[in-house]
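Below is one structure, written out as structure tokens, with a few remarks after it.
Bear in mind these aren't lab numbers, they're just calculated from the coordinates by the rules spelled out. Quick caveat: nothing in here was measured; it's all calculated off a predicted structure. Because the Cβ atoms are built from the backbone with ideal geometry, glycine has one as well, and the counts that use them run over all protein chains shown.
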Amino acid sequence: MNPAPARDSEPQPLIRLTGVSKIYGTGQAAMHALRGVDLAVAKGEFVAVMGPSGSGKSTCMNIIGCLDTPTRGSYRFNGIEVGDLSRDQRAILRRHCLGFVFQGFNLLNRTSALENVELPLIYRGVPLRQRRRQAATALAAVGLAGWEHHTPGELSGGQQQRVAIARAIVTTPEVLLADEPTGNLDSERSLEVMRLLTDFNQREGLTIVMVTHEPDMAAFASRQIHFKDGAIEAIRTA
Amino acid sequence: MWWETFMLALRAIQRNALRSGLTVLGIVIGVAAVITMVTLGGGATAKVTEDIGKLGSNMLQLRPGQGFHGPGGARVSAEPFEVADAEALAREIANLEAVAPTASRSMQVIQGNENRSTTVIGTTDGFVLVRDWDLEAGRIFNPGELRGGKAVCVIGETVREALFGGLEPIGETVRLDRISFKIIGVLAAKGQTSFGTDQDDLVLVPLRTFQRRIAGNTDVQVIYVSARDGVATDRVKTRMERLMRERRRIAPEAEDDFFVRDMQEIVSTMTSTTRVLTTLLGAVAAVSLLVGGIGIMNIMLVSVTERTREIGTRMAIGAMERDVMRQFLVESVVLAGLGGICGILLGLAAAGVGARLMGVPFVFNPGIVCLAVIFSAGVGIVFGYFPARKAARLDPIEALRHE
Ligand SMILES: Nc1ncnc2c1ncn2[C@@H]1O[C@H](COP(=O)(O)OP(=O)(O)OP(=O)(O)O)[C@@H](O)[C@H]1O
Ligand SMILES: [Mg+2]
């Protein structure tokens, strides 16, 4: 239970937030979603982010995922100061280094599982044949071999979330960011998804940052970070 | 990347097939209208040009009066011409192929029990040369018949058909005003003009015979002149005018009391009329493309709003602004382009039917088709730009939260 991460043992963590604040709005209506968050995540870690609703978990994830930039403080990804990057440069960073899994899956409707998984490869300019092969491999890795041509509408919630995971890992990103990936699933499906994530974390050394409300799911992580009112309240190491 | 974007656009359009169809209807109708009109217009021009070619495109007509140009329709009293005028033209103007003075009247032509109302033209052998008219059978008047005012005639195909059917007409006689004329020739069929007059419904008799025995005067109404091939008819026209002013003793400040109609002039009038028509059609097309473009912009804005979450997802996955921009721009260009192509096909089909109904040739105009494709795609770019930019500028987080 040490709120300050051990900086000396990890000379350059993959993710480092230093005094990150996020303020929405200005003046009277200013909303402090994050208040001076310090956080370091090393390569290969599996971190769970917990905390009550409105405590700033998603805001923090968006900043880590380079979808948003801090109002104050510094966020370095792999040593790069993300706040200094342009919109397009952040898009490139997401394209090459990050994978997202959302609570609401966010798969494209009426588009087959295979094509959904192919999507990030298209933006990387991977040629069709190779794309198909990689997407099929990723789908097989999440246990969906044979479901390639089903559309999200024809898949169960758990299967849809696994397609979303396949889409996030197909590019072999450095970090997988999951914001309540099991929020819409029953406990059986949730466990399936968690086993999958743990598997990728342990076998491939994939760095995972996951937001969850459920202690059962957080238990899979190697470290639990608890948020309260936009600040880190506690860090528990398993 | 472009190919993927193109396929994506096709799929997005196909998913909302009905909506897309209704959206591009404006473009389809606009393009179809222009293609139809331009194609039919081209066909009509070709037909008229061909007709005038049959009439003899290097033919000029000299008539008394003031033609179409007279001020306020007030006709100057116009003397008819005389045979001497035609002779003067032939003698004094170079580069003429033939001159044919004519006088005509509508009459009954009778053969046995058959009779027909037709136009009887008194003229010379120059008539068939000027009009570039072959004889189906027999011959045209010889100098002796012309000089002597003999009662001989050459009949047109329509008259031959009406009076003789399958029988041989050469050597038979027909009656015109109680005078018997011996048939010495039959003209080859020319068919109808584009204005629907039957060119073959006529009987030719020697001018002198017509003047003496039918008209009872020495008037010549119209003088047909044909220039040699390759000679500019406008120069011939100017010389004819000068000569006629001289012969008819028109004071220098007075207006002509005759006019020369130049077939080539008619052709160029036709062409300029067509050009005006095409310009008008272009304006109509521009308006309909504008309306169609606004429809496309509207539907693209709806589409961007509907797909906000998709856009957010794509951005989270690594789409740059320009990737999103391209996706929506390509979609609107494909939409507008499909509208254009449908319009072209519809227009060509309608023109095909119209050409058959109007009896004009179907003249395919590749220029207007290319223009239609370019313009409709251009509409897609112009009117798709704003919605596409709106999509590209979306904040990824906001977009992902969008319900
Ligand atoms: N775009 C925004 N504009 C204004 N306020 C915002 C915006 N986004 C988040 N907030 C506020 O910031 C605070 C933190 O929000 P955040 O979404 O990070 O919470 P959370 O911990 O993810 O909650 P939950 O568990 O419900 O998802 C909330 O009070 C929220 O109202
Ligand atoms: Mg949240």
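Quick notes
- Sorted by Cβ density within 10 Å, fewest first, the residues A:PHE200, B:PHE6: B:PHE6, A:PHE200
- The modelled label-to-label distance for the pair A:LYS43/B:ALA232, using points 7 Å beyond Cα in the direction of Cβ, is 8.7 nm.
- Distant alpha-carbon pairs in the range A:135-219 (separation over 19 angstrom), percent: 33
- Summarising the amide proton neighbourhood of B:ARG139: residues at separation of 5 or more, or on other chains, whose placed amide H is nearer than 5 Å comprise B:GLY185, B:VAL186.
- Computed from phi, the 3J(HN,Hα) profile of the range A:225-235 under the Karplus parametrisation 6.51, -1.76, 1.60 (θ = phi - 60°) reads 10, 9, 9, 8, 6, x, 9, 7, 8, 7, 10 Hz, with x in place of Gly and Pro.
- Axis angle, to the nearest 10 degrees, between helix B:233-247 and the longest C-alpha principal axis of chain B: 40 degrees.
- Inter-centroid distance (Cα atoms) of the range B:325-403 relative to the range B:266-286, Å: 25
- Cα-based Kirkwood hydrodynamic radius, the range A:5-237, one decimal, Å: 18.1
- Of A:ALA231, A:PRO215, A:MET61, farthest towards positive along the dipole that unit charges on Lys, Arg, Asp, Glu beta carbons give chain A: A:MET61
- Between helix A:157-169 and chain A: long-axis angle, C-alpha atoms, 0 to 90°, nearest 10: 70
- Positive-end residue, the protein assembly as shown charge dipole about Cα centroid, Cβ charges, pick of B:ILE368, B:GLY171, B:GLN199: B:ILE368
- Spatially, the range A:25-65 and the range B:75-151 are offset by 105 Å when compared through their Cα centroids.
- For the range A:198-237 versus the range B:159-223, the gap between their alpha-carbon centres in whole angstrom: 109
- Relative to the globular-protein estimate of 2.2 N^0.38 Å, the Cα radius of gyration of the range B:80-247 stands at 1.06.
- Nonlocal amide H pairs with A:ALA231, under 5 Å, H built at 1.01 Å: A:ARG35
- Calculated FRET efficiency for the pair B:MET1/B:ILE381, C-beta based, R₀ 25 Å, to 0.05: 0.90
- Annotation: amide H-H contacts under 5 Å for B:GLY318 (H modelled 1.01 Å from N, sequence separation of 5 or more, or interchain): none.
- Remark: the Cα gyration tensor places the range A:180-238 in the oblate category, a/c being 1.5 or greater and a/b not exceeding b/c.
- Dipole magnitude (debye, nearest 20) for the range A:128-201, charges at Cβ of Lys, Arg, Asp, Glu: 500
- Computed lengthening from B:ARG245 to B:GLU50, 0.36 nm per intervening residue step minus Cα-Cα distance: 66.9 nm
- Note on chain B: Rg/Rh from Cα positions, Kirkwood definition for Rh, rounded to two decimals, is 1.25.
- Positive dipole terminus of the range B:239-305, leading residue within B:ILE299, B:ALA283, B:THR269 (C-beta point charges): B:THR269
- Computed from backbone phi with θ = phi - 60° and the Karplus coefficients 6.51, -1.76 and 1.60, the 3J(HN,Hα) list for the range B:133-147 is 10, 7, 9, 6, 8, x, 8, 9, 4, 9, x, x, 5, 5, 5 Hz; x is used for glycine and proline.
- Of the beta bridges in the protein assembly as shown, as assigned by DSSP with both residues counted there, near 70 percent are antiparallel.
- Rounded to the nearest 20, the Cβ-based charge dipole of the protein assembly as shown about its Cα centre (Lys and Arg +1, Asp and Glu -1) stands at 580 debye.
- Residues A:ASP179, B:ASP395, arranged from fewest to most other Cβ atoms within 10 angstrom of their Cβ, appear as B:ASP395, A:ASP179.
- The charge dipole of chain B, taken about its Cα centre with unit charges on the Cβ of Lys, Arg, Asp and Glu (plus for the first two, minus for the last two), comes to roughly 560 debye.
- Here the contact order of chain B, divided by its residue count and restricted to Cα pairs under 8 Å and six or more residues apart, works out to 29 percent.
- Unsatisfied cross-links (Cα-Cα over 20 Å) in the set A:LYS57/A:LYS228; A:LYS57/B:LYS390; A:LYS43/A:LYS228; A:LYS22/A:LYS43; B:LYS47/B:LYS237: A:LYS57/B:LYS390; A:LYS43/A:LYS228; A:LYS22/A:LYS43; B:LYS47/B:LYS237
- Taking other C-beta atoms within 10 Å as the exposure proxy, A:TYR24, A:TYR75 rank A:TYR24, A:TYR75 from fewest upward.
- Phi angles of the range A:126-135 translate, via the Karplus equation with coefficients 6.51, -1.76, 1.60 and θ = phi - 60°, into HN-Hα couplings of 6, x, 3, 4, 5, 4, 4, 5, 4, 5 Hz per residue; Gly and Pro are given as x.
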